[in-house]
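The values are calculated or read from the model by the stated rules, or taken from the named source; none is laboratory data. Given the structure is predicted, the values throughout are model-derived calculations rather than measurements. FYI the Cβ positions are ideal-geometry reconstructions off the backbone, even for glycines, and counts take in every protein chain you see.
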Amino acid sequence: MKPTAAEAEVLTLRAIVGAYLDNRRGTAQLLDETELKTEDFTSEQTQALYAALAQAMREGKPIDLLALCTGLRGRVDSKLISEVTFGEDALVNPGLAKSRIEALLDSGRRRALRDSLRRIAELLSTDITTDTCVSELETITSEASEKSRGGLRTLDGSLMSLVDKLQAVQAGTRETTLASGIAALDYVIGGLQPTLTIVGALPGVGKSALFSAFARNLAKRGLRVGVLSLEDERDWLAERLLAEAASVPLFVLGNKPLTTPQMQRIDETINTTHATLQNIYVDDTPGMSPADVVASARAMVARGCRAVLVDHLGEIRLNRTERHDLDIQEALQDLRSIAKTYRVPVVVACHLRRREGLNVDTAPRLTDFAFSAAIERCARVALGLFKVATKDHEQPVMGVAVLKQTKGPADFGFRLNVGRLSGTVVDTPVTDAMRSEFGSWRDA
C-alpha cells in the first residue's frame, strides 16, 4: 500500500538518518547534490526536524536524540523525533536514502504541476481576452517547466536575458519599472518595482491616501490595477477619486446636500472619473484567508492588471491559533512570487505595532511593522508613513521613510503632498535634498 504524503516524509527522514549513520560525509554530500530543501517537506514538524538534522549532518555532528528533543521542544513531537532517529529504516536499510529523496522531490514537482493545471482551469473560466489568456498560459507553463528542471543552472542565460532587457529599455519598448505618477516617490524608489512592496503606518496616517493615488494614476493612464479592499467596502475608492476630481470635500460627499457649484463640478467630471474607475478592479470579499488573497491577486493579474494593491495585511483571516506569523509569511511569499513571475508590482499595506515613543508623527522602524520578521524576509521595498505637522490652511503633508530597498539606497526620508479635500496623495515634485542624495547614485 502506497504511503501517504506525511508517511513518505517520515520514511525519507528515517532513510537519511540511516545513511548518515553509515556514511557521514557521503550523506551531507547527498543532501547537497539532490538540493533537498526544508520547503520540500509539507508538514511544519518534518520541516523543523529536517532543518535540525541537516545542520547536524553538514557539521559532522552525531545524531543526539536528547539534543534534538531539547532544541525542538514545542515545535516537533518527541515521539516523531524518536521514530525518525530510531525507526526501522534508519537502523536496517540506510541505502534507501537517495531513492526516497528523489521520490519526495518528484512528489513536490507533481504538486506544483497540479497547482499549474488548477490555475489554467481557473484562467479558462474567466472572460479575459484571448491574447491575455494565451500570454498567461505561456507564463504558467514556463513556470512549471522551470520547476521541473530544478534550480541548478549557470548564469550565462541570465546575462543574455539581462542584455535583451537593457536593449529594450534603451529602445523605449520596455518599462524599467511602473511609474506611480508621484514624481518624488518615483525618484526615490524608482517607481513601483515588479516585486513585493510593504507600506506600514499607524491607523489614520495615510495608507489609503497613498493607495488611492497609485490606483488613480495608473488607471488614468489606461492601465488596469487590482485592489484587494479587505478593510473597507469598495465604495471608498470611488468616493475619494470623485471628491478629488470635482473638488468636493470627502466629508461632505454623500453626507450633506451639495451646493449648486459642487453639483456642477460633479456633472463636469463624472465621465472622466467613470473612465478611470473602469480600469480599477476591486475585491472587497470579507474574511479572506491568505489563500483567498493570493487567488484573488492571481485572478487580477489574469485580467490584465498591471499592479495589485492589498489593503491591508491585518484584515487577512488567519487559521492557525499559535503561528499566525507562518500564515502571513506564506501569503507574502506567494504574493512576491506573483510579482516576480508576472512582473507586476504587489503593494501590501500593514499596521504598526504600538510601542512607547511611537506616535502618528514618529518615523517608524522596520521592526515596528506587524509581523515584522516575515516582512523583513519577504519585502524588497518597505516604506513607513507618518504625519507631518503643518499650520492651519497649509497643504497637508505625509512623511515617508524608506526602510528597505534591495535595489537602491534606504534610510532616507521625504514628504508627499496630500489633497486637503479628498485625502489622497497628489503629485509632489522632486526636491533639492532628493537630488543631492540620489543624483550622484543615479548617474554612477
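Things worth noting here:
- Number of residues in segment 2-35 that are outside any helix (DSSP H, G or I) and more than 22 Å from D77 (Cβ to Cβ) equals 3.
- R317 being surrounded by fewer than 19 Cβ atoms within 10 Å (Cβ to Cβ), under 26 Å from L202 (Cβ atoms), at pLDDT below 90 and basic (K, R): yes
- Annotation note: of T367, T362, the sole residue that is buried (at least 17 other Cβ atoms within 10 Å of the Cβ) and either at pLDDT 85 or above or under 18 Å from F412 (Cβ atoms) (or both) is T362.
- Verdict on L309 being under 25 Å from R353 (Cβ atoms), out of contact with any His (no Cβ under 6 Å at 6 or more places or on another chain) and either modelled with pLDDT under 85 or in the same structural domain as A219 (by TED's automatic domain parsing) (or both): yes
- Condition check for A121: surrounded by fewer than 13 Cβ atoms within 10 Å (Cβ to Cβ), more than 23 Å from the chain's Cα centre (by Cα) and modelled with pLDDT of 70 or more: yes
- One residue from A215, A243 being crowded, with 23+ Cβ neighbours inside 10 Å, aliphatic (A, V, I, L, M) and under 22 Å from V348 (Cβ atoms): A215
- Unique residue being surrounded by fewer than 23 Cβ atoms within 10 Å (Cβ to Cβ), in contact with a strand residue (DSSP E or B) (Cβ under 9 Å, 6 or more places away or on another chain) and either in the same structural domain as G423 (by TED's automatic domain parsing) or polar (S, T, N, Q) (or both) when the list is V388, V347, V381: V388
- Of the residues examined, S440 is not one that is under 21 Å from L313 (Cα atoms) and modelled with pLDDT under 85.
- Scan of segment 232-253 for residues that are among the charged types (D, E, K, R) and either touching a Ser or Thr at 6+ places or on another chain (Cβ under 7 Å) or free of Cβ contacts under 8 Å to residues at least 40 places away in the same chain (or both), ordered by number: D235, E239, R240, E244
- The listed residue being assigned by TED's automatic domain parsing to the domain that holds H312, over 23 Å from G399 (Cα atoms) and at pLDDT below 95, out of L230, L196: L230
- Residues that are closer than 22 Å to R119 by Cα and either touching a strand residue (DSSP E or B) at 6+ places or on another chain (Cβ under 6 Å) or among the aromatic types (F, W, Y) (or both) within segment 307-337 comprise A307, V308, L309, V310, L335, R336, listed in sequence order.
- Any hit, segment 393-414, residues being loosely packed, with under 13 Cβ neighbours inside 10 Å, of a type in the set (A, V, I, L, M), without any contact (Cβ under 8 Å) to a residue 60 or more places away in the chain and not in a strand (DSSP E or B): no
- Filter pass, T428 being assigned by TED's automatic domain parsing to the domain that holds L218, closer than 30 Å to D292 by Cβ and either touching a residue at least 40 places away in the same chain (Cβ under 8 Å) or out of contact with any Gly (no Cβ under 9 Å at 6 or more places or on another chain) (or both): no
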